[in-house]
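Just so it is clear, none of the values below were taken in a lab; they were calculated from the coordinates. Quantities reported herein were computed from a predicted structural model and do not represent experimental measurements. Glycine gets a Cβ as well: all are built from the backbone with ideal geometry, and neighbour counts include every protein chain shown.
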Amino acid sequence: MSTTQHTTGVNREQGPGPRPFPVTALSLTGVLVVGQLYAVLPLLAPMAQSWGEEQATVAWTVTAFAVAYATGFLVSGPAADRFGPRRVIVVGGLATALLTGAVALAPDTAVGLALRALQGFAAASFAPAAFSYVATRVAPERRVTAITWLTSSFLAAAVIGQLAAQSLEQSIGWQGVFAASALSLAVAALALRLVLAPDPSSKAAVDGALAGMFGLLRDRRLLLLYGATATLLFGFVGVYGGLEVSGPDWLAGDPQAMLALRAGALPAMLAVPLLGSRLARYAPGTRVPVALFGAAVTAAATGLVADLGPLALGVSLLAFTGCVAVAAPALVQAIGVRAGAARGSATALYTFALFIGAGLGPQLATVLSALGFTAVALGAATALAGGGALALAALLLPRRGA
């Protein structure tokens with residue numbers, strides 16, 4: 001599919017208007033929104049105590065959020081195409097803030113599960129709409145860097161969300177963490193209302209957007225890229241989940257060391273966006289398989305060096321995270337170029353595949369935990385190599401048959 005339509009649309013819609021820092025605002029909001037998935041992890045014990053439940057039962061609040069989150073993408077993508085990304089981001093952000101605050105008032109696990117599911121569904125409004133905004137409102141020469149910052153913020157949320165929640169809970173309790181998150185999300189939504197450019201008028205129908213989504217699934221090249229996308233966070237979450245449940249002896253029972261390892265990967269997430277102009281020299285279809293194969297190699301290396309100590313493991317995780325951080329935005333770009341005008345629906349399917357993989361990642365760690373962390377890491381490496389093969393097949397697929 002031609003990208004002419006993208007370029008023309010950007011030049012027409014971008015405009016010089018007085019709205020600075022949209023990508024910065026979107027990235028910071030991305031940390032807040034996606035962080036809601038991970039922030040609950042260090043809160044499970046105090047939530048279980050407050051609700052009088054086993055921690056394993058309360059852990060279902062993570063699953064409830066994740067499933068609703070992934071499902072919500074299938075609605076929010078077409079909604080962004082129909083109503084405009086700015087409107088979906090602002091309305092969805094305010095709804096997420098309201099439901100996040102409601103979780104703090106949940107009296108028991110049953111209500112908490114229901115509210116976490118609704119929170120996840122509302123939070124799903126952000127990512128597809130944010131990607132759609134970048135694709136239509138950011139100038140082509142800055143788009144690679146913008147998408148890289150946005151996807152890196154999603155990855156960084158896994159670390160920052162847990163660090164912030166763990167620190168705040170000690171002083172304001174788990175209910176205070178949700179209340180503070182709600183206030184932050186509301187402020188972010190209102191700030192984006194001011195920062196983002198208004199949506200152009202649209203006559204697309206919702207049923208037309210949904211039909212366009214099904215049409216995307218008939219594209220063989222896109223199907224291969226969506227398959228590759230599903231392996232990305234599957235491997236990433238699988239590796240870190242493996243460290244939690246079957247890590248080396250020196251890491252066992254030391255949550256601070258685990259958080260330190262997570263935080264040690266942040267430099268890679270920050271460095272990759274700064275290299276955006278250099279990465280833009282290579283087509284996204286080329287970057288995807290190279291980064292996925294790199295992630296496979298470094299995931300395997302992580303499993304092999306874990307017993308050597310924190311330095312060896314930390315360096316390996318840094319390289320692994322860097323490869324993942326390169327692959328994520330490249331996948332968005334490759335999918336967006338192929339999808340043409342249906343970019344909102346296309347990125348909705350991307351985020352759906354991405355977070356379905358993230359939801360299955362812990363299962364990889366659990367299933368292989370009895371065999372040790374090396375087995376988990378090699379399992380993740382195998383999945384990522386499979387994703388690299390799918391991306392390579394998409395690159396080499398003859399255009400006539402695509």
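If Lys and Arg each add +1 and Asp and Glu each add -1, what is the summed charge of the other residues whose beta carbon sits under 15 Å from the beta carbon of Leu331?
+4
Could you calculate the FRET efficiency of Phe21 with Ala271 from 1/(1 + (r/R0)^6), where r is the beta carbon distance between them and R0 is 22 Å, rounded to 0.05?
Using R0 = 22 Å, I get an efficiency of 0.60.
Can you tell me which of Leu360, Leu243, Leu371 moves the most in a GNM of the chain? Springs connect C-alpha atoms under 10 Å apart.
Leu371
Mind checking which of Ala70, Ala348, Ala102 has the largest fluctuation in a GNM of the chain, springs on alpha carbons under 10 Å?
Among Ala70, Ala348, Ala102, the largest mean-square fluctuation in the Gaussian network model of the chain belongs to Ala102.
Go through (i) 21.3, 70; (ii) 26.7, 84; (iii) 20.2, 61 and flag the label whose value is the computed Rg and Dmax of the Cα atoms in Å for this structure.
This structure yields the entry labelled (iii).
So what is the 222 nm mean residue ellipticity for the chain from helices alone, if each DSSP H run of at least 4 adds -39500 (n - 2.57) and you divide by all residues, rounding to the nearest 500 deg cm²/dmol?
It comes out at -28000 deg cm²/dmol, rounded to the nearest 500.
Please report how far the C-alpha centroid of segment 214-262 lies from that of segment 287-303, rounded to the nearest whole angstrom.
A separation of 12 Å, based on Cα centres.
How much FRET efficiency would the formula 1/(1 + (r/R0)^6) give for Ala393 and Ala370, where r is the Cβ-Cβ distance and R0 is 35 Å, rounded to 0.05?
0.55
Which of the peptides 37-44, 128-135, 53-60, 229-236 is most tightly packed, and how do the rest follow, judged by the mean count of other Cβ atoms within 10 Å per residue?
128-135, 229-236, 37-44, 53-60
Hey, rough spin-label estimate for Asp307 and Thr286, points 7 angstrom out along Cα→Cβ, what's it come to in nanometres?
Using points 7 Å along Cα→Cβ, the separation is 4.1 nm.
For Gln55 paired with Leu217, estimate the spin-label separation in nm (one decimal), with each label point 7 Å from Cα along the Cα-to-Cβ line.
Here the modelled spin labels are 3.9 nm apart.
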